[in-house]
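Accompanying notes for the structure given below.
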Amino acid sequence: MGWCNKIQQTLVLLLCICVNAHAAQKVHIYLDDQLDFELFKNAKSKPENIAGATNKLVFAYLGEQTQVVFTKASFNRTIKIMENADFPACTVNKIDTVDRTSKFLFSLPVNFYWSHKLYTFNNNKTNMAAVLNEKGEIKSLPEMFKAFQNKLIVIADNFSYGDFLDAQLRKVDRQNLVIRGGSDHYETVHRMFILGRVDFLLSYPAEFHRYSNNEELPVQSYHIANAPKVVIGHIMCNKNALSEKFIAQVNSVLIELYLSQEFIEAHTDYLPATEHSALEEYIKQFYEDKVIKNNA
């Protein structure tokens with residue numbers, strides 16, 4: 001009986017090792033956004049924004065060639081996992097900042113957003129002239145809050161607005177910042193602004209368009225001087241051989257998708273009609289400049 005028990009224990013141990021090894025071969029995608037988690041877990045779910053539509057399209061085209069596991073996790077926890085895991089661990093919709101590119105792998109662009117604009121209510125309009133340049137842009141966020149010392153801007157916790165705006169936000173006095181997290185940080189920060197609990201909001205125009213329910217609100221929006229015209233979202237993964245293989249698969253899919261109508265519509269379906277042709281042209285130009293020339 002003793003020998004039988006030992007054999008059974010050995011078989012169970014070997015089975016566990018095999019199962020764990022098999023699980024480790026899967027690509028684990030960690031999502032801090034509840035809407036993204038529900039979207040990717042349910043094949044019948046329909047996206048509500050550019051990021052959801054483009055990522056869902058990429059995962060659909062990857063198909064069965066790659067086993068993907070979607071897991072809900074805060075961004076802080078995701079980063080800790082990615083820094084320590086020896087299996088492919090990734091997340092979506094991330095900007096490739098200088099700090100991140102030193103630690104992680106990035107796919108080709110998965111989605112293109114018109115850069116963040118600063119939104120404020122019309123009752124602030126007459127006060128804005130002093131902080132605008134000759135083009136009608138905000139000169140800089142730190143300089144603006146020197147003029148508006150008692151005003152508040154809401155920003156998302158653990159969220160990068162890109163190297164340029166992140167650097168400016170670090171120089172804004174803490175007393176002017178309202179930092180909010182949550183399972184859907186987009187919804188949280190937009191709700192605070194729309195309800196008038198803060199004076200300013202940094203947002204992608206496409207997301208503001210969505211969270212305002214496509215209604216005309218009594219607000220003004222401003223570009224930030226010298227900010228990038230377009231912000232690009234990527235799939236971001238930890239650095240190991242399996243992650244490199246996954247990123248290569250994603251890139252192959254993206255190269256095939258860039259000029260397709262479904263990829264273009266994954267963007268334009270969530271934008272006002274007046275912006276469709278400009279973004280489509282930007283994507284085509286990106287394809288020619290970054291994909292065609294780099295592979296020539």
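Laboratory data are not the source of any read-out in this text; all were calculated from the coordinates shown. Being a predicted model, the structure only gives us computed values, none of them experimental. Note that each Cβ is placed from the backbone with ideal geometry, even for glycine, and that neighbours are counted across all protein chains shown.
How large is the convex hull of the C-alpha atoms of the chain per residue, in Å³? Show your work: numbers first, answer last.
Details: hull volume 50.4 nm³, N = 296.
Given the Cα convex hull of the chain, per-residue volume reads 170 Å³.
Which three lengths, in whole Å and largest first, does region 178-296 cover when its Cα atoms are put on their principal axes?
50, 35, 29
Please check: in the Gaussian network model of the chain (C-alpha springs, under 10 Å), which one of Y113, Y211, Y161 has the largest mean-square fluctuation.
Result for the chain, Cα springs under 10 Å: Y211 fluctuates most.
So which of K44/K229; K26/K229; K72/K239; K103/K151 end up more than 28 Å apart, counting from Cα to Cα?
Values: K44/K229 34 Å; K26/K229 36 Å; K72/K239 21 Å; K103/K151 36 Å.
Exceeds cut-off: K44/K229; K26/K229; K103/K151.
Using a 7 Å offset from the Cα along the Cα-to-Cβ direction at both N127 and A241, what is the distance between the two label points in nm, to one decimal?
Distance between the two pseudo-spin positions: 6.0 nm.
Check every DSSP H run in the chain and write down those whose alpha carbon atoms cover 27 angstrom or more along the long axis and whose mean Kyte-Doolittle hydropathy is -1.0 or greater.
Details: long enough: 2-24 (33 Å, 0.97).
Passing helices, by number: 2-24.
Helix-only estimate, please: 222 nm mean residue ellipticity of the chain, summing -39500 (n - 2.57) across DSSP H runs of length 4 or more and dividing by its residues, to the nearest 500. List each step's numbers first, then the result.
On the way: 12 runs with 126 residues, N = 296.
Mean residue ellipticity, 222 nm, calculated: -12500 deg cm²/dmol.
For the chain, give the share of DSSP beta bridges that are antiparallel, in percent and rounded to the nearest 5; count only bridges with both residues there.
Values: 18 of 32 bridges.
Taking every DSSP beta bridge within the chain, about 55 percent pair in antiparallel fashion.
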